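Working notes, beginning with the structure itself.
The values are calculated or read from the model by the stated rules, or taken from the named source; none is laboratory data. Being a predicted model, the structure only gives us computed values, none of them experimental. Cβ: placed from backbone, ideal geometry, glycine included. Neighbour counts: every protein chain shown.
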Amino acid sequence: MRTPIKKIAIILISGSLLMISLTFDGCKASQMVSNKTGAQLWSENCQRCHNTPSPNSFSPEQWETVGLHMQSRSLITDEERNKIVAFLKQ
Amino acid sequence: MRQSQTLIKWMIFPLGFLISTNIARAQQTTTVDSALLERVSALEQQVANQKQGESHFMVAGLATFGFVANTTTTTSGGKIKTNSFPDMDHFEFSPLFLWRHGSKFLLEFEPSFDGTSLGVNWADVSYFVAPGLILRAGYLVTPFGTYSKRLAAGWIDKLPTDPTGVADYPPTTDFGFEAEGGFPIGSMKWNYDISLTNGLQLLPDGELQSAGVVDNNKNKTVTARLGLLPISNSSLEIGISGMFGTVGDANSPYENAKSQSYAADLNYVKLFNPILVNIKGQYNYTFVNSQNYINPLDLSVYTFDNKTTSGFAQVSIRPTGAGVTFVKNLELAFRYGKYVTPEKSLWGQKSDIIDISLDYWLTWRTVFKIGYQSDKSTSTAIENTGEEAKSESLFIQFAIQL
């Protein structure tokens with residue numbers, strides 16, 4: 001039986017190596033994904049958990065705040081969050 | 001000479017008139033300009049007073065309430081009927097306070113009233129460090145599966161109830177630290193979420209509960225989830241989670257007790273025009289290594305295989321492409337759940353739960369649900385083994401995100 005510290009170390013090191021390897025591998029989106037508009041990303045990502053929100057639901061400043069909150073729940077990428085929030089602020 | 005004097009007089013008069021007229025005009029213009037300037041200055045001050053600061057505060061949150069009628073029949077002959085507006089498991093009023101400091105910091109605080117007590121769902125601070133890295137500290141939802149963190153809110157859940165056991169076992173709100181983020185990989189995406197928290201506490205009867213703000217031992221619990229979205233339109237997400245920690249109190253007979261929990265989750269949402277299909281599922285497994293427990297009824301020592309499993313599979317359909325608005329706003333949801341607690345424990349049971357609900361979406365974040373639940377359970381507890389119970393419930397529920 002491994003000790004908890006060993007287990008934690010293994011998990012942390014494995015996770016870090018995975019992150020580093022993926023980062024060095026250039027975690028890049030394909031051209032098709034990069035070209036997606038905010039409206040498209042809004043329709044694809046929000047509905048994974050709930051109905052797609054109406055842009056009129058919040059003010060532009062509120063959308064900035066809601067965007068951060070939602071990113072921390074859904075773990076969308078920063079680029080996706082920025083595009084979705086820009087679309088919802090219009 | 002006289003003629004030239006007369007000419008000068010005649011020239012002086014119009015010239016004087018012209019000069020005096022221009023002076024008057026100039027004075028008028030100056031008066032108008034200064035009034036305009038004052039107006040512009042006032043407007044500038046007004047704009048300056050209203051300019052956006054780098055901090056922003058807002059209140060969101062949710063409320064859920066309704067009616068539940070229940071009939072429970074047991075093989076020992078008991079039959080109990082209840083109804084209420086509603087019971088504590090189906091009432092919630094939770095304002096969510098969000099403070100944003102620039103574009104990097106977010107403070108979240110969600111108190112919650114469930115009808116009997118005022119608690120806190122989470123209270124944490126997030127730091128958006130860099131693309132793909134969010135750090136969080138405080139009282140947070142640990143990344144075990146996705147139901148507790150993403151799907152439990154009444155205005156998100158398609159059914160009036162939480163899937164039994166999935167949302168609350170093992171407990172997934174804890175004090176600690178978390179790192180998370182999402183990355184693209186070509187046309188796919190992946191995300192990670194890892195937390196280090198005080199962890200769980202093993203009670204003398206064998207149950208697990210959250211240790212709370214003061215840890216019960218020196219070891220911390222690691223919880224981690226990896227998610228993958230293999231399709232470019234993000235319609236499918238699959239995830240695996242693990243939670244590992246020492247759960248026994250320090251300097252107690254349980255100081256070497258450890259728990260291991262694993263979860264697998266799936267989420268698939270796709271429009272097959274005109275029907276939006278939504279499939280979700282999660283399976284939880286929790287195990288505590290072998291221990292001797294104390295029966296609180298007679299203080300005798302007993303032991304059992306401390307293993308708990310729970311899970312659900314859910315499908316809902318909504319005709320979002322229908323021409324009629326009323327039909328477009330309807331959604332039909334079905335869920336099968338299973339919950340198995342440790343055999344020969346004080347609370348051992350096997351439950352099969354079926355939920356069905358017809359929802360009407362008043363807005364994208366406001367829903368009215370009429371649901372039915374059937375819960376058939378068989379006791380595997382150290383006492384009353386084999387006793388069966390059937391519970392049927394009718395729910396009428398309204399949920400809103402504020």
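Quick notes on this one:
- Residue within region B:358-366 that is touching a His at 6+ places or on another chain (Cβ under 9 Å), within 14 Å of another protein chain (Cβ to nearest Cβ) and crowded, with 18+ Cβ neighbours inside 10 Å present: yes
- B:Y262, sole failed condition from (1) within 14 Å of another protein chain (Cβ to nearest Cβ); (2) over 23 Å from B:W347 (Cα atoms): (2)
- Leading residue by the ranking (farthest from B:S232 (Cα to Cα)) among those in region A:67-79 that are within 8 Å of chain B (Cβ to nearest Cβ) and surrounded by 19 or more Cβ atoms within 10 Å (Cβ to Cβ): A:L68
- Only residues that are within 7 Å of another protein chain (Cβ to nearest Cβ), within 15 Å of B:R150 (Cα to Cα) and either of a type in the set (D, E) or in contact with a Ser or Thr (Cβ under 8 Å, 6 or more places away or on another chain) (or both) were counted across region A:44-63, and they come to 4.
- Applying the set (1) modelled with pLDDT of 95 or more; (2) within 14 Å of chain A (Cβ to nearest Cβ); (3) surrounded by 14 or more Cβ atoms within 10 Å (Cβ to Cβ); (4) farther than 30 Å from B:S261 by Cα to B:Q314 leaves exactly one unmet item: (4).
- Number of positions in region B:118-161 that are within 26 Å of B:A69 (Cα to Cα), of a type outside the set (A, V, I, L, M) and either touching a residue at least 12 places away in the same chain (Cβ under 8 Å) or surrounded by 22 or more Cβ atoms within 10 Å (Cβ to Cβ) (or both): 8
- Hits in region B:175-189 (condition: within 11 Å of chain A (Cβ to nearest Cβ), assigned to a strand (DSSP E or B) and either farther than 16 Å from A:R73 by Cβ or of a type in the set (S, T, N, Q) (or both)): B:F183, B:P184, B:I185, B:G186, B:M188
- Number of the condition not met by B:F128 [criteria: (1) on the phi > 0 side of the Ramachandran plot; (2) in contact with a helix residue (DSSP H, G or I) (Cβ under 8 Å, 6 or more places away or on another chain); (3) of a type outside the set (D, E); (4) modelled with pLDDT of 95 or more]: (1)
- Once region B:317-352 is narrowed to residues that are more than 28 Å from the chain's Cα centre (by Cα) and assigned to a strand (DSSP E or B), the residue that is surrounded by the fewest Cβ atoms within 10 Å (Cβ to Cβ) is B:K350.
- Any chance A:M19 is more than 28 Å from B:D157 (Cβ to Cβ), surrounded by 14 or more Cβ atoms within 10 Å (Cβ to Cβ) and either modelled with pLDDT under 95 or at the interface with another protein chain (Cβ under 9 Å from one of its Cβ atoms) (or both): yes
- Every test in (1) under 30 Å from B:G321 (Cα atoms); (2) in contact with a Pro (Cβ under 6 Å, 6 or more places away or on another chain) is passed by B:S234 save one, and that test is (2).
- Count of residues meeting criterion [surrounded by 12 or more Cβ atoms within 10 Å (Cβ to Cβ) and within 11 Å of B:P95 (Cβ to Cβ)] in region B:54-68: 5
Residue by residue, here is whether (1) within 30 Å of B:I231 (Cβ to Cβ); (2) over 14 Å from the mean Cα position of the chain (by Cα) holds:
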position	(1), (2)
B:F109	no, no
B:A167	yes, no
B:G176	no, yes
B:M188	yes, yes
B:S195	yes, yes
